[in-house]
Amino acid sequence: MGTQVSQEVACIVRQVIPCFADSMTYSISPGGPGPSLVHLAGISEFPLWDFDEVCGAQESLFFRALRNPMIRIVRTRADLIADEKTNLLLGMRYPPDSMTLWRMQKLRRYGVGVMSVAHNEQKQYGDGTRGTGGLTNKGKDLLRWMHACDIIPDLSGVGYITAKEVLDFILSEKLLMKPMASHSGCYTQSFCYQDLTDYLLRRMSHIDGYVGIPYTHREEFMRHATHAFRMMLGWKKVGVCSSHGHRSHFEIATDLARENLSPHIFGQNFKEFLMRALPQT
């Protein structure tokens, strides 16, 4: 997929997806650089708490993408096909209020494959990065329902205590879940409260998790990525992602191709993580 085709895919995705792309993760397309595998983190830049409103927006997004011949919704490992289509993994940064197992199943039917328990200041299920609280009992129920529906927990935007307790809960309950942090750097390299501590990086590695390091420029990315390699005991659990900023996610993808990064870092590690984390069928 050359630059011209990559731009065409960018236009298609922008038309089909009227939502907030907080993080996109890229793979190498068969014919060259381009977004062949994209994680879309949310349907809105701002939280929507009413379930009917959230579900309606998710349903609309799902069917608009489904009707587009250039996009494939990724729900299982079998959907991760390398061809001319853009594989789209749908996420949800803000789980709506009053979730139940039935409601989780409904969101799963509309393509949700990744979900956070909290983002920024959310408190019903746990605290985001601006809070200091931990995982609530409702948050534990949310994780159980995510596990039942094969939804991947995303720790980006989740506060330290809540993230720690999410990982503890997954282990103590023996939930067969592999967590990811879709767009997080390393706290020791930035001292940014939104990034992951060494403790969280090690714990995620022990549960076979994955971390997407935001790309701004090569030097900063490599500093964070190298540290994550050390903390996660290898390079196979770390990859590159874009994060919300001033530049187009697709412009960043083109720049990344010019950097001549390893295909594993550029997207192969993320795809291999999904092959472990998503259901078979």
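Points worth noting:
- Of the cross-linked pairs K140/K164; K106/K178; K178/K236; K140/K174, those separated by over 19 Å at the C-alpha level are K106/K178.
- With a simple spin-label model that places each label point 7 Å from the Cα along the Cα-to-Cβ direction, the separation between Q105 and I161 comes to 3.5 nm.
- On the basis of the beta-carbon distance and an R0 of 25 Å, A82 and Q280 show a calculated FRET efficiency of 0.90.
- Residue pairs, from the table K85/K138; K123/K237; K85/K123, whose Cα atoms sit over 31 Å apart: K85/K138; K85/K123
- Chain lengthening between Y199 and T132 when straightened (0.36 nm per residue, less Cα-Cα): 22.5 nm
Laboratory data are not the source of any read-out in this text; all were calculated from the coordinates shown. All values reported here derive from a predicted model rather than from experimental measurement. When we count neighbours, we look across all protein chains shown, and the Cβ atoms used for this are built from the backbone with ideal geometry, even at glycine.
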